[in-house]
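The values are calculated or read from the model by the stated rules, or taken from the named source; none is laboratory data. Predicted, not measured: the structure shown is a model, and the values here were computed from it. Here Cβ is always computed from backbone atoms with ideal geometry, including for glycine, and neighbour counts include all displayed protein chains. Protein only, heavy atoms only, side chains kept; ligands, DNA and RNA dropped before computing areas. Shrake-Rupley method; radii C 1.70, N 1.55, O 1.52, S 1.80 Å.
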Amino acid sequence: MKRRRLGRSGPELSVIGVGAWAAGGDEWGGQNQKDSIDAIRQAIACGVNWVDTAPTYGLGFSEELVGRAIAQLPSSERPMVFTKCSRVWGEDGAVRSDLSPASLRRECEASLTRLGLDQIDLYQIHQPAPEADLEQGWETLLRLQEEGKVRHLGVSNFTVGQLERLRSIAAPVSLQPSYSLIDRNVEAALLPYCRSNGVGVIVWSPLMRGLLAGHLTREAIAALPADDSRRTELEFREPRLSSNLALVERVRAVARRHGRTPAQIAIAWTLRDPVVTGAIVGMRSAAHAETTAVASTIELDADDLHE
């Protein structure tokens, strides 16, 4: 498994990490717990050295499952664990944003407990909201870092302007944006900014929630469970769905030339530029983890990229 350094001061990461969003069981039509644990452990066996989760994935359940998956591993085999903060929920399960110092401290302690850890390897502000409180929230995370509760600090879903606001206090080691063959918005400003300022990039949804994996036909999408949030996403609906499915066929053609799957090619595409430190990929089973890891070995040539 190839590795790249996360920004100027972060750790060396495998270019693929385990995404534990689906492991939370919500928004994806359910997920088998044992399969998720097996996927994490198989990914580690294949050289993956980090797992990314968040408290809101299953309202704490994803973090608990990640904690269970790594608890019995020897310390030498344990992956780095990345999680997030600033999104909290009440008794009714409704999620809201909060960057107040008291809330962030409660979140950090709760995440450490659920994960069974003494320190979080990368702690990230999940959403830049409330935007007026960004500096206050960032300063609180810096205090948590000084206290040894978190090792590195990053952000998710931030704009260049918001990154600049934080940099005036202390630069984040990483940014976590959405990036895929379908969603290329970060190419205009965010990736050049991160390249110039030494900010590591770990991209989420490189497969556009499975759409680029090659197995989601129009009929399969129509048959998604009622609680699967992809049913209402714009990329899974017309008029975008037809153009996206046509793109998948182009990816499939490149995959045939390499003897690989469309999913492996789509992941490799996001890693073609070294400014992307790693790709977060959801893995639902041990077999899925093993095939996903292969994407780190694929080198796309100019013809592939042009197509």
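Below are the figures for this structure:
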read-out	value
Residue in the range 238-259 that is under 30 Å from residue 165 (Cα atoms), touching a residue at least 60 places away in the same chain (Cβ under 8 Å), part of a helix (DSSP H, G or I) and touching a Pro at 6+ places or on another chain (Cβ under 6 Å) present	no
Top-ranked residue in the range 82-100 [being more than 22 Å from residue 153 (Cα to Cα) and in contact with a Leu (Cβ under 7 Å, 6 or more places away or on another chain); ranked as least open to solvent (accessible area, probe 1.4 Å)]	93
Single condition residue 267 does not satisfy, out of (1) out of contact with any strand residue (DSSP E or B) (no Cβ under 8 Å at 6 or more places or on another chain); (2) in a helix (DSSP H, G or I)	(1)
Subset of the range 122-136 [in contact with a helix residue (DSSP H, G or I) (Cβ under 8 Å, 6 or more places away or on another chain) and over 17 Å from residue 110 (Cα atoms)]	128, 131, 134, 135, 136
Among the residues listed as 224, 216, the single one being surrounded by 21 or more Cβ atoms within 10 Å (Cβ to Cβ), outside any helix (DSSP H, G or I) and touching a helix residue (DSSP H, G or I) at 6+ places or on another chain (Cβ under 9 Å)	216
Residues that are of a type in the set (A, V, I, L, M, F, W, C) and assigned to a loop (DSSP other than H, G, I, E, B), drawn from the range 168-186	169, 170, 171, 173, 181, 182
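Rundown of residues vs (1) buried (at least 20 other Cβ atoms within 10 Å of the Cβ); (2) of a type outside the set (D, E, K, R), yes/no style:
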residue: 44; (1), (2): yes, yes
residue: 67; (1), (2): no, yes
residue: 109; (1), (2): no, no
residue: 116; (1), (2): no, yes
residue: 120; (1), (2): yes, yes
residue: 127; (1), (2): no, yes
